[in-house]
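Here is the structure we will look at.
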Amino acid sequence: MLKTQELIYYKIFSGFDNVIAFTSTKRTFETENPRFTGDSENIYENNRVLLAEKLMIKSEQLVFPRQTHTNCVADVSEIPDDEIKETDALVTDKNGICLCVQTADCVPVLLFDPINNVIAAIHAGWRGTVKLIAKVAVQKMINNYGSNPKDILAAIGPSISPDIYEVGNNVVDEVKKAIPNPDKTLFKVESGKYHLNLWEANKQVLLKNGLLNKNIEISGECSYSDSSKYFSARKEGMETGRMVSGIMLLR
């Protein structure tokens with residue numbers, strides 16, 4: 001990752017001048033617990049304006065889904081008039097639309113096909129991960145936009161790390177049923193409890209769906225352990241703020 005004081009950028013995309021991809025931190029915003037969707041514009045409007053200013057775009061260009069841990073992936077052909085509900089990933093091939101997801105321990109995954117100029121932003125907590133939302137997004141890029149998965153670049157951003165993320169037996173069962181090579185994503189610690197590597201789980205899903213290992217970047221930064229930099233719902237409570245991970249085609 002390439003770091004600034006306010007935003008994180010990803011090395012995997014650094015060779016391309018027609019795309020920008022980023023993740024925000026606690027240092028990005030003036031408000032203590034920023035949110036970017038909600039029942040009232042008062043909740044998020046100022047935060048969107050601030051983020052847009054840092055990206056040197058209009059706040060209207062920021063498109064967020066109303067995330068509910070689904071595996072629903074929406075095509076975005078124009079800036080929507082209404083909220084995109086019950087959706088956890090967005091895909092577009094249009095310039096000037098910044099696809100965004102919010103996280104605070106869940107995994108943000110950003111995808112870019114530089115051949116066909118297609119992008120996707122994915123929110124993947126454990127539920128979305130075992131529902132294979134990354135697969136659904138890749139398949140949508142293939143079927144709707146003509147992408148070859150071997151061309152797709154992926155950045156897996158900051159989230160709760162496997163060292164911290166203890167999960168129950170229900171999650172373990174779901175991972176074993178759904179995720180390729182689950183032995184690479186689950187491990188027992190001394191207490192006998194399982195920990196889950198959400199980064200590796202999503203990577204395995206991407207690899208299974210045709211992406212190349214060399215085209216996947218994992219940030220490796222833990223939202224829980226570095227809570228001075230990142231928001232962590234598990235550490236700070238569900239009412240804490242959210243990071244934004246976004247990707248936009250510039251031309």
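The numbers here are math on the coordinates, done by the rules we state, and not lab data. Given the structure is predicted, the values throughout are model-derived calculations rather than measurements. All Cβ positions, even for glycine, are placed from backbone atoms using ideal geometry, and neighbour counts span all protein chains on display.
What 222 nm value per residue comes from the helices of the chain, counting each DSSP H run with n ≥ 4 as -39,500 (n - 2.57) and dividing by all residues, nearest 500 deg cm²/dmol?
Working: 6 runs with 58 residues, N = 251.
Helices in the chain give a 222 nm mean residue ellipticity of -6500 deg cm²/dmol.
Taking the chain as a Gaussian network, Cα atoms linked when under 10 Å apart, which of Cys106, Cys72, Cys98 shows the biggest mean-square fluctuation?
Cys72
Which of Thr185, Thr87, Thr240 moves the most in a Gaussian network model of the chain with Cα springs under 10 Å?
It is Thr240.
Taking the radius of gyration and the Kirkwood hydrodynamic radius from Cα positions alone, what is the Rg/Rh ratio for the chain, to two decimal places? Please list the in-between numbers first.
Details: Rg = 16.9 Å, Rh = 17.9 Å.
So for the chain, dividing Rg by the Kirkwood Rh gives 0.94.
Below 17 Å, Cα to Cα, which lysines can Lys58 reach? Residues fewer than 8 away in the same chain don't count.
Lys58 reaches Lys94.
State the extension gain, in nm to one decimal, for the chain segment bounded by Glu166 and Lys193, taking 0.36 nm per residue of separation less the distance between their alpha-carbons.
9.0 nm
What FRET efficiency comes out for Gln61 versus Asn213 if R0 is 22 angstrom and r is the Cβ-Cβ distance? Round to the nearest 0.05. Mind dumping the intermediate values first?
Working: r = 33 Å, r/R0 = 1.49.
Efficiency computed from Cβ-Cβ geometry: 0.10.
Radius of gyration and Dmax for region 160-203's Cα atoms, expressed in Å?
Answer for region 160-203, Rg first and Dmax second: 9.4, 27 Å.
Give the lysines reachable from Lys235 as a straight Cα distance under 18 Å; neighbours fewer than 8 places away on the same chain don't count.
Lys26
Taking the Cα centre of the chain as origin and charging only Cβ (+1 Lys, Arg; -1 Asp, Glu), how large is the dipole, in debye to the nearest 20? Before the final figure, lay out each step's value.
Working: 29 positive and 32 negative charges, 162 e Å.
Charge dipole, the chain, about its Cα centre: 780 debye, nearest 20.
Return an integer: the convex hull volume of the alpha-carbon atoms of region 1-57, in Å³ per residue.
Numbers: hull volume 5.3 nm³, N = 57.
So the per-residue hull volume is 94 Å³.
Name the residue, out of Ser232, Ser159, Ser219, whose mean-square fluctuation peaks in a Gaussian network model built on the chain with Cα pairs under 10 Å.
Largest GNM mean-square fluctuation: Ser219.
Let me make sure I get this right: for region 1-116, a, b and c are the square roots of the gyration tensor eigenvalues over alpha carbons, sorted descending. Under 1.5 in a/c it's rounded, otherwise prolate if a/b > b/c, else oblate. Which is it?
Working: a/c = 1.44, a/b = 1.08, b/c = 1.34.
Cα axes put region 1-116 in the rounded bin.
Can you tell me which aspartates and glutamates have their Cα less than 17 Å from the Cα of Lys177? Leave out same-chain residues fewer than eight positions away.
Those aspartates and glutamates meeting the cut-off are Glu200.
I'd like the distance between the alpha-carbon centres of region 100-121 and region 197-248, rounded to an integer number of Å.
Result: 11 Å between the Cα centres.
Compactness ratio of region 161-251: Cα Rg over 2.2 N^0.38 Å, N = residue count? Kindly include the intermediate steps, with their values, before the conclusion.
Numbers: Rg = 15.2 Å, N = 91, 2.2 N^0.38 = 12.2 Å.
Scaled against compact globular proteins, the figure is 1.24.
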